[in-house]
Amino acid sequence: MKVSFLNGQIVADGYLHEDVPYDVSANNLSVCFDGKGGISKYLSVRSGRDYSVRSMTSLYKDGERVGAYTEKRVSMVGRGQKIEILGDDYRIEMKQFITKEDDAVFVEINFFAERKTEFTLVYGTGYSWKTPALACDGENTFVEENNHFLIPVSAKGEKRIRFVFAYEEDKDYCEHLLSVFDEKLQAMQKEVEDVVIPASAQTEEEKALYLSALFCAIENYKECGALKGFVAGCNYLSPLRTYYRDSYWTVLSAYHYDISLVRRQVCTLARGIAKDGTCPSAVKTDLSAFWGGHYDSPSFFVMMVYDYVNHSGDKAFLNETIDGMRLFERCLLVMSNQMKRTDGTGLLYKKGPYNKLDWADEVNRNGYVTYDEALYYRALTCMAKLCEAVGEDGSAYLVEAERVKKSINDLLWDDEKGYYVNYMDGDFTEDNLSVDTVLTYLFGIANEERSNRMLDAMERMLETKNNSLQKAGDYGVMCVYPFYKSMSAAYFKSSQDYEYHNGGNWPYWSAIYAYAKYLAGRDYRYPLESWFSYNLKQGIFTPIEYFSPCRKSGSTLQAWSGAAAFVFDFIGKPSFFAPNHLK
């Protein structure tokens, strides 16, 4: 399909038979529109049910099926998709959308004809173990059994039909939503119109990328049970959970959109901290742990608290009591436990031999992991500032931070290769280049000379357009290169080259790396935008979790892949990660 961009929309031109999958999500609902007037997925967030639905729309004109090679144009933005079917003497316009608060799908189909024409619409849902509740405004149409609608249109006339359907609601609910259809349509459109696209997004493609990334993040915000925060994505709803690391990168896109979402995220994560200060990978709706004891989660929590207070100026939040403990005390508890995980170097030591407890959770990165150490350093500096904000002495955290910084540079920098190694444990060093080590630049761990050498190496090795040694072609930024050399390091998907944590492209890391390149005065457009344009060419129209040309892609509408919006938001401003004094 030919892809273009207009007013922040992604526009795909092709034929009626071609799929144009577009994922949308709301508080209690995730749906994938198929670009043909149907849907290919319907997930209930509230119940965790996947209805394995395949909704089909068949169209006939004067008794003959509208052909598979009839031209169409599909436009996508926010929580809606519009399809225009372009015949010689007629046009059919289909709108499908959801709203952030309703548990239903809205469909509007308009028929336009140059001459007197009788259209037939066959609308049905199949391949599901449950029939949805359905309401339609069959006004001026003859409705047969099995959802066959006869729609006569006069010469140069038009006619409209609307549907509302839901799997976990009844017909009365759908009838009510049908009665306020215009209001719901306007609310969906206004949600997009109210977004202020930053001046840094200059081209039509960049505007579409910005909106796509922003909505990828905010559509994954959910409130269910005690959980108020960002879930990882549409494929991470059973059990429904919010991750410490995923949400940290996701909320970066909320600072200019709605900073109150960051506050709610902090409160949910705070309630998931164990009594000993350990943090799990994620927190479920009942606040119980999902995969406990991760090494990056505690640092992300303290960092998120600092970022929120720093950018909101809400110092009083630190003294707010959450489940019987002040937020500031929770930060102290988390840092106290994190410091117990260190050894004589001051660095966190990931005990092995099988330790997958950070974002690369399919790789046994044991011992000293540059990524985890960089986060720990940043958390120490953030904790010092939080102490300052409540009138306490935080100098001990700064002293420890300097010790950690020195150890990172003494132990994990490889001067011959010109970058920080991935991890080392005893006599073994995994000396491939991992994109997550870019945090050493963003957090001020690397000096200017080392920063430049590392970024040079990343451009040369991780940007696939420059790396002639990898064989998969140009697909943006690899997460590591070369591939893991230890047979016991990577497992499951990551045991394969170019897959998952072993050379896949993760759009959120591409964005964070792009931000580092921007701050360093380098060309940042390639890592920021290449993943987006690459996936559009593959027929993937919502931000994806990870991908490579030779492996199956990860799930779409992955929340932290919205980090590209953060980059656009903070271009032209001081570094988000600068060692700021709290306001």
Counting Lys and Arg as +1 and Asp and Glu as -1, each charge on the Cβ, what is the dipole of region 1-119 about the Cα centre in debye, to the nearest 20?
260
Qualifying lysines (Cα of each under 19 Å from Cα of Lys315; at least 8 residues distant if same chain)
Lys385, Lys583
Set Lys and Arg Cβ to +1 and Asp and Glu Cβ to -1, take the dipole of the chain about its Cα centre, and tell me which of Met461, Phe97, Val74 lies farthest positive.
Met461
Tell me, what is the percent relative contact order of region 434-583, built from C-alpha pairs under 8 Å that lie six or more residues apart?
21
Label region 2-177 by shape, choosing from rounded, prolate and oblate, from the square roots a ≥ b ≥ c of the eigenvalues of the Cα gyration tensor; if a/c is under 1.5 it is rounded, and otherwise prolate applies when a/b is larger than b/c, oblate when it is not.
oblate
Classify region 402-505 as rounded, prolate or oblate from the Cα gyration tensor: take a ≥ b ≥ c as the square roots of its eigenvalues, call it rounded if a/c is under 1.5, otherwise prolate when a/b beats b/c and oblate if not.
oblate
Given 11 as the ceiling on other Cβ atoms within 10 Å, longest exposed-site-free region of the chain for chymotrypsin sites (Phe, Trp or Tyr not before Pro) in DSSP loops
355-583
Those trypsin sites (Lys or Arg not before Pro) in region 451-521 that DSSP places in a loop and that have at most 16 other beta carbons within 10 Å:
Lys465, Lys471, Lys485
Here, Ser288 and Lys2, labelled 7 Å along Cα→Cβ, have an inter-label distance in nm of 5.5
Cα axis of helix 370-389 to longest principal axis of the chain: angle in degrees, 0 to 90, nearest 10?
80
For the chain, build the charge dipole from Cβ charges (+1 Lys, Arg; -1 Asp, Glu) around the Cα centre, then report which of Pro574, Leu375, Cys136 sits farthest towards its positive end.
Leu375
Cβ-based exposure ranking for Leu357, Leu528, in which fewest neighbours within 10 Å come first:
Leu357, Leu528
Give me the one-decimal nm value for the distance between modelled label points at Val180 and Tyr491, 7 Å along each residue's Cα-to-Cβ direction.
5.1
Distance between modelled label sites at Glu392 and Gln189, nm, 7 Å Cα→Cβ extension
5.3
Hey, how many Å between the Cα centroid of region 216-270 and the Cα centroid of region 484-503?
28
Restricting to Cα pairs below 8 Å that are 6+ residues apart, what does the relative contact order work out to for the chain? Please round to a whole percent.
12
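Every read-out reported here was derived from the displayed coordinates using simple, explicitly stated rules and does not represent laboratory data. Predicted model, so just to flag it, every value in this text is computed and none were measured. Reconstructed Cβ throughout: ideal geometry from the backbone, glycine too, with neighbour counts over all protein chains shown.
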